[in-house]
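Below: the structure, in structure tokens.
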Amino acid sequence: MRKRIDVLNAQDFANLQNEVTQNNNITKNENKPLPWTDEQIRNLGKGTDWQDLVYRSAMVQNHDLNLSGGNDATKYYTSFGYLNQDGTIRNSGFQRLSFRGNIEHRFWDRVTFATSMSLQNSKYNRAQYESADGGGGIPWSSMVLPPTMQVYDQNGNYTKFTGYPGVRQTLWDYPRIGIILPTIFALLEMRVWLWILWLV
């Protein structure tokens, strides 16, 4: 990802929470304890960078191979393609295999038979966008999750943030999509001679 959103680190976030609590105590005449002690804030460090965990530099591979040939009567053309594009969000991407073949044969001077076929097999993983408030999914969660949270809890499970489902690795894994487009046609070449007589 070329540019990420600048968010607070864990220490700045904890200090902000303490400041909010202090302001509320003054305005609401309350005496709530501060969420963080000075020692806890020092031990936090920078905390969890959720955007760094979610995003990555995505690679793209695109390969094509073309073969063609023939003689005076028959001509052929084939092409093979492979595309592998990683998504900027981890565990997302797109893959496609494609094939195309054309054959043309001239039976007589004015009759040509031709056939064409295209095959395509695609698979893509889409990072889900429906799992967080506001419909933001993984991008939204990576910006709103507190940097004071750890990726795993004490039991080794993914932590969850109350109010938001959090950053998950669950993706919509669409099945492979195959497309076949056959075409067969014949060409009849007709020559019409028009004689225009000018009568004076």
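The values are calculated or read from the model by the stated rules, or taken from the named source; none is laboratory data. Remember, it's a predicted structure, so these values are computed and weren't measured experimentally. In this analysis, Cβ positions are derived from the backbone assuming ideal geometry, glycine residues included, and neighbour counts consider all displayed protein chains.
Taking the stretch 86-121 as the region of interest, how many residues are closer than 16 Å to residue 70 by Cα and free of Cβ contacts under 8 Å to residues at least 40 places away in the same chain? Even if it seems obvious, please write down each step before you answer.
Initially, the stretch 86-121 is screened for residues closer than 16 Å to residue 70 by Cα, giving 101-107, 112-116.
From what's left, free of Cβ contacts under 8 Å to residues at least 40 places away in the same chain: 101-107.
So the count comes out to 7.
Of the conditions (1) in contact with a Lys or Arg (Cβ under 9 Å, 6 or more places away or on another chain); (2) without any contact (Cβ under 8 Å) to a residue 12 or more places away in the chain; (3) of a type outside the set (Val, Ile, Thr), residue 71 satisfies every one except a single condition; which number is it?
(1)
Would you mention how many residues in the stretch 1-35 are within 25 Å of residue 140 (Cβ to Cβ), hydrophobic (A, V, I, L, M, F, W, C) and modelled with pLDDT of 90 or more?
7
Which of the residues that make up the stretch 138-179 are at pLDDT below 70, within 25 Å of residue 9 (Cα to Cα) and among the aromatic types (Phe, Trp, Tyr)?
Hits for the stretch 138-179 are 161, 164.
Over 29 Å from residue 140 (Cβ atoms), under 23 Å from the mean Cα position of the chain (by Cα) and hydrophobic (A, V, I, L, M, F, W, C): which single residue out of 65, 97, 83 fits that description?
97
In this structure, is residue 39 free of Cβ contacts under 8 Å to residues at least 12 places away in the same chain, outside the structural domain of residue 141 (by TED's automatic domain parsing) and over 30 Å from residue 142 (Cα atoms)?
Values: free of Cβ contacts under 8 Å to residues at least 12 places away in the same chain: yes; outside the structural domain of residue 141 (by TED's automatic domain parsing): yes; over 30 Å from residue 142 (Cα atoms): no.
No: the conditions fail for residue 39.
Taking the residues in the stretch 27-66 that are small (Gly, Ala, Ser) and out of contact with any helix residue (DSSP H, G or I) (no Cβ under 8 Å at 6 or more places or on another chain) as candidates, determine which candidate is nearest to residue 146 (Cα to Cα). Explain how you work it out, then say what you get.
First, pick out the residues of the stretch 27-66 that are small (Gly, Ala, Ser): 45, 47, 57-58.
When the remaining residues are screened for being out of contact with any helix residue (DSSP H, G or I) (no Cβ under 8 Å at 6 or more places or on another chain), the result is 57-58.
On the way: 57: 24, 58: 26 Å.
Among residues in the stretch 27-66 that are small (Gly, Ala, Ser) and out of contact with any helix residue (DSSP H, G or I) (no Cβ under 8 Å at 6 or more places or on another chain), the one nearest to residue 146 (Cα to Cα) is 57.
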